[in-house]
Amino acid sequence: MRKINFKLCMLKGISAAISILLCLSALVSCGNTSTDSDFGMTDSDSAKQTEPLQTEAPQPETIVLHGGNPDNAVWAEAYLKSLPDADYDGASFFITSPETVLFDPSEVKYMSEVIYARNKAVEEKYNIKIGCGKSDISSMLDGAAAAVNSGMYYSDIMSIPMEYVGEFAVSGVLENLRSLPFLDLSEPYFNASSVNALSAGDMIYGAAGESTPSLSAMPVVYFNKTLLSSVTETSPYDDALRGELTWDKLLEYAALADGADGIAGAAVSEGDVSDIVFASAGEKFINSAERTVPTVGFADGAMDAPAPYVRKMFDLGDKNGISRADASAAFREGSVMFTVGYLSDISSYLSESVSLGILPIPKISADAPYRSLVNGTAPVMTVMKGPANSSMVSLTLSAINAASYGYIAEKYVDYLHITALPDNRSAYVLEEINRSAVYDLSSAFHSVYPEIWDNTRGLVRNVIERGDFSGYAAHVSAAEKAMASAFPCRE
């Protein structure tokens with residue numbers, strides 16, 4: 001008979017690095033020769049030249065793994081211990097996802113030991129066995145629907161890209177996370193912004209957390225280090241790591257390229273860039289939270305602050321003959337100093353003509369936090385409707401995120417560092433970026449309720465890119481009418 005002791009363990013002995021920390025200590029330090037001084041180190045990304053802009057091929061850099069925070073593994077251990085104890089008699093716990101690298105220790109060799117250690121700690125906590133299955137979204141939706149309709153089992157957790165939550169929701173296959181016992185989504189190992197973005201009416205459809213870092217779905221500023229070092233001795237990496245990188249500062253750097261033949265200080269594409277700059281100003285497309293009907297999240301003056309920065313980057317590209325559709329191609333050819341894109345598209349910006357650097361999305365003001373709007377590919381964790389054992393699902397969902405606190409993202413940064421990131425300092429920047437993730441309900445439901453997207457994001461883009469306020473009130477009214485119909489709050 002399964003026995004559960006729901007007495008919460010207090011957060012004591014946090015300084016004791018036990019099982020998880022022991023499993024990770026070798027990995028965190030292995031090959032890691034960087035120190036705190038690395039934040040101020042100068043490598044090939046800081047070459048100091050004052051001659052005209054140069055475009056010769058960059059030299060390769062030696063990879064030095066960034067230093068992780070050893071306290072993260074200790075906190076992960078403490079958060080896991082604080083969860084209620086339970087014994088599920090060796091039951092299987094299954095996770096299905098289109099991408100299982102963050103759950104399956106056999107998926108990527110570089111990540112295998114930390115994923116194995118995290119899973120093992122959760123398995124020992126609840127006497128379960130964690131398994132993973134990779135499946136495309138269409139098959140997942142079909143499998144979940146068939147299981148719900150027949151009362152059969154499919155998966156305990158489904159980790160899916162946020163943009164598909166709407167399709168799963170309208171198909172009736174998602175459990176309301178509010179109904180799960182012992183699941184506290186206010187804990188620091190869940191992303192609060194994701195919980196709000198996936199809460200509407202009576203439902204909480206899913207959540208992102210420490211086990212699902214959204215790095216590949218996050219926007220970044222790409223810059224050409226060779227071009228920039230040709231005109232200034234100052235490094236934007238220093239601004240970024242001090243928390244001082246603003247849009248004004250970025251455009252000051254971009255202005256240094258003015259007058260250089262064939263070089264644009266900045267060039268960006270339309271669409272997503274407007275969304276990204278808008279969110280960086282602390283604005284939201286949709287206000288959503290638990291047990292509320294979503295509403296439009298911005299006033300008619302909300303575009304006043306971000307719009308000039310988007311238009312200035314458009315202008316810098318336009319005057320140098322770079323069309324907005326060709327911004328990334330021009331950057332790759334070495335003709336652009338700064339552009340904005342997603343980390344998942346890094347290969348689109350790499351070339352022999354560019355010494356690539358990565359920065360966080362800047363702030364409107366230096367005293368604000370960095371805010372990076374994730375796109376719809378960001379992974380979120382959902383639960384299939386009618387779980388066979390709701391207590392096991394809620395505790396294991398909590399435990400996987402608690403036991404991942406901080407260090408899973410750190411290791412994922414290291415993995416990206418050795419496989420994709422262009423230089424050593426970008427890894428530190430990427431950790432800043434990871435902490436800045438913000439989510440919006442519009443990303444989750446645009447495929448099933450396009451009228452919500454069109455009248456929120458579409459409206460903002462039109463105002464920022466064209467200054468067109470015509471029909472503003474009608475758009476807002478249409479959006480709120482659609483959301484009230486789609487997400488009623490009956491309780």
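The values are calculated or read from the model by the stated rules, or taken from the named source; none is laboratory data. These numbers were taken from a predicted model, which means no experiment stands behind them. In this analysis, Cβ positions are derived from the backbone assuming ideal geometry, glycine residues included, and neighbour counts consider all displayed protein chains. The area values use the complete protein model at the heavy-atom level, side chains included, leaving out ligands, DNA and RNA. Shrake-Rupley method; radii C 1.70, N 1.55, O 1.52, S 1.80 Å.
Per residue, the convex hull spanned by the alpha carbons of region 136-196 comes to 106 Å³.
With N set to the residue count of region 230-324, report its C-alpha Rg divided by 2.2 N^0.38 Å to two decimal places. For region 230-324, the normalised Cα radius of gyration is 1.33. Both numbers refer to the Cα atoms of the chain; Rg and Dmax are 23.4, 77 Å.
Using C-alpha pairs under 8 Å with a sequence gap of at least 6, the mean separation divided by the residue count of region 168-218 gives a relative contact order of 34 percent.
Quote the FRET efficiency, to the nearest 0.05, computed for S150 versus K129 with a Förster distance R0 of 35 Å and r equal to the Cβ-Cβ distance. Can you show the working numbers first?
On the way: r = 25 Å, r/R0 = 0.70.
Calculated transfer efficiency: 0.90.
Helix 109-126 axis versus longest C-alpha principal axis of the chain: approximately 30°, rounded to the nearest ten.
For the chain, the longest principal axis of the alpha carbon atoms and the long axis of helix 472-486 meet at an angle near 20°.
Taking 23 Å as the limit for the C-alpha separation, the pairs K81/K129; K109/K134; K129/K385; K385/K481; K312/K481 exceed it in the case of K385/K481; K312/K481. Taking Lys and Arg as +1 and Asp and Glu as -1, the other residues whose beta-carbon sits under 13 Å from that of F445 total -4. Each Lys or Arg adds one and each Asp or Glu subtracts one; over the other residues with Cβ under 12 Å from the Cβ of E431, this totals 0. Extension gain, D184 to S447, is 91.8 nm, computed as 0.36 nm per intervening residue step minus the present C-alpha separation.
Which order do you get for W453, W247, W75 if you rank them by accessible area with a 1.4 Å probe, largest at the top?
Values: W453 60, W247 0, W75 90 Å².
Order by accessible area, largest first: W75, W453, W247.
Once all protein chains are placed together, I204 keeps about 10 Å² accessible to a 1.4 angstrom probe. Between helix 390-402 and the chain there is an angle of about 40 degrees, using the helix long axis and the longest principal axis of the Cα atoms.
Averaging 1/r over every pair of different alpha carbons in region 265-315 and inverting the result gives a Kirkwood radius of 12.1 Å. All other residues whose Cβ lies under 10 angstrom from that of N69 are scored, Lys and Arg at +1 and Asp and Glu at -1, for a net of -3. Karplus-based coupling profile of region 217-232, in residue order and whole Hz: 8, 9, x, 9, 9, 9, 9, 8, 5, 5, 4, 5, 5, 6, 10, 8, with θ = phi - 60° in 6.51 cos²θ - 1.76 cosθ + 1.60 and x standing for Gly or Pro.
Its DSSP H runs of at least 4 residues, each contributing -39,500 (n - 2.57), put the calculated 222 nm mean residue ellipticity of the chain at -11000 deg cm²/dmol, to the nearest 500. Accessible area ranking (1.4 Å probe, heavy atoms, ligands and nucleic acids excluded), largest first, for K385, K481, K363, K109: K109, K481, K385, K363.
The relative contact order of the chain, computed from alpha carbon pairs under 8 Å that lie at least 6 residues apart in sequence, is 25 percent.
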